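The values are calculated or read from the model by the stated rules, or taken from the named source; none is laboratory data. Because the structure is a prediction, the values reported are computed rather than measured. Positions of Cβ are backbone-derived with ideal geometry, glycine not excepted, and every protein chain shown enters the neighbour counts.
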């Protein structure tokens with residue numbers, strides 16, 4: 001192991017910064033950008049690192065997920081293949097919020113199969129798919145209680161949706177979740193009225 005002195009450390013850091021500056025044209029994300037990593041949700045690029053592994057230089061995005069208190073390093077050349085993306089567009093978010101207003105689709109298959117489908121939708125990172133899970137598993141206060149596993153999946157999906165909405169609207173997850181639940185409660189009233197006989 002080589003320990004660098006102060007001067008060498010500064011020059012090594014500036015060389016790494018220079019490499020990133022040259023490569024920044026090819027990078028999709030900058031330090032400070034919010035990104036969505038499909039399996040973990042919304043995180044923030046906190047650093048661009050360069051490291052050497054087995055004699056090969058590897059450039060990494062360092063992502064911080066505050067809710068999970070987790071740091072993740074993603075190779076720059078793998079960011080697209082793992083599905084890492086910028087926050088959704090306003091239109092995509094609007095479509096997802098519209099999805100919440102739709103009538104819940106409850107399948108009559110075994111819960112284990114539905115749970116797998118819901119988890120796959122959440123981990124896809126696709127905002128509309130996540131909104132479908134939230135809509136389908138939402139239960140208004142006057143509805144029968146959810147099972148523990150249904151509630152867990154609902155909370156995971158609604159949290160994922162709320163974190164992205166919060167990042168886009170520059171609010172926090174709690175405020176975004178209030179907005180989502182408001183939309184769901186209003187939609188539940190409309191759908192409940194259409195069920196009642198005239």
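Evaluate the following for residue 176: is it surrounded by 14 or more Cβ atoms within 10 Å (Cβ to Cβ), part of a helix (DSSP H, G or I) and not assigned by TED's automatic domain parsing to the domain that holds residue 29? Walk me through how you get there before you give the answer.
On the way: surrounded by 14 or more Cβ atoms within 10 Å (Cβ to Cβ): yes; part of a helix (DSSP H, G or I): yes; not assigned by TED's automatic domain parsing to the domain that holds residue 29: yes.
Answer is yes for this residue.
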Selected residue [farther than 15 Å from residue 128 by Cα, in contact with a helix residue (DSSP H, G or I) (Cβ under 9 Å, 6 or more places away or on another chain) and modelled with pLDDT under 90] from 107, 78: 107
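Among the residues of the range 83-100, which ones are part of a loop (DSSP other than H, G, I, E, B) and surrounded by 14 or more Cβ atoms within 10 Å (Cβ to Cβ)?
If we filter the range 83-100 for residues that are part of a loop (DSSP other than H, G, I, E, B), which is where we start, we get 83-84, 87-89.
If the condition is that a residue be part of a loop (DSSP other than H, G, I, E, B) and surrounded by 14 or more Cβ atoms within 10 Å (Cβ to Cβ), then 83, 84, 87, 88 are the ones that fit.
Is it the case that some residue within the range 128-144 is over 27 Å from residue 34 (Cβ atoms), surrounded by 12 or more Cβ atoms within 10 Å (Cβ to Cβ) and over 13 Å from the mean Cα position of the chain (by Cα)?
We begin by selecting, within the range 128-144, every residue over 27 Å from residue 34 (Cβ atoms); these are 139-144.
Keeping just the survivors that are surrounded by 12 or more Cβ atoms within 10 Å (Cβ to Cβ) gives 139-140.
Filter once more, so that each one left must be over 13 Å from the mean Cα position of the chain (by Cα): 139-140.
Yes, some residue in the range 128-144 is over 27 Å from residue 34 (Cβ atoms), surrounded by 12 or more Cβ atoms within 10 Å (Cβ to Cβ) and over 13 Å from the mean Cα position of the chain (by Cα).
Is it fair to say residue 67 is more than 18 Å from the chain's Cα centre (by Cα) and within 21 Å of residue 152 (Cα to Cα)?
On the way: more than 18 Å from the chain's Cα centre (by Cα): no; within 21 Å of residue 152 (Cα to Cα): yes.
No, not satisfied.
Looking only at the range 142-168, count every residue that is over 13 Å from residue 181 (Cα atoms) and part of a helix (DSSP H, G or I) and tell me the total. Let's see the steps before the verdict.
We begin by selecting, within the range 142-168, every residue over 13 Å from residue 181 (Cα atoms); these are 142-153, 156, 160, 163-164, 166-168.
Okay, now just the ones that are also part of a helix (DSSP H, G or I), so 148-153, 156, 160, 163-164, 166-168.
Here the count works out to 13.
Working only within the range 49-69, note down all residues that are assigned to a strand (DSSP E or B) and either surrounded by 12 or more Cβ atoms within 10 Å (Cβ to Cβ) or in contact with a helix residue (DSSP H, G or I) (Cβ under 6 Å, 6 or more places away or on another chain) (or both). First the steps, then the outcome.
Residues of the range 49-69 that are assigned to a strand (DSSP E or B), as a first pass: 49-53, 56-65.
Passing the criteria: 49, 50, 51, 58, 59, 60, 61, 62, 63, 64, 65.
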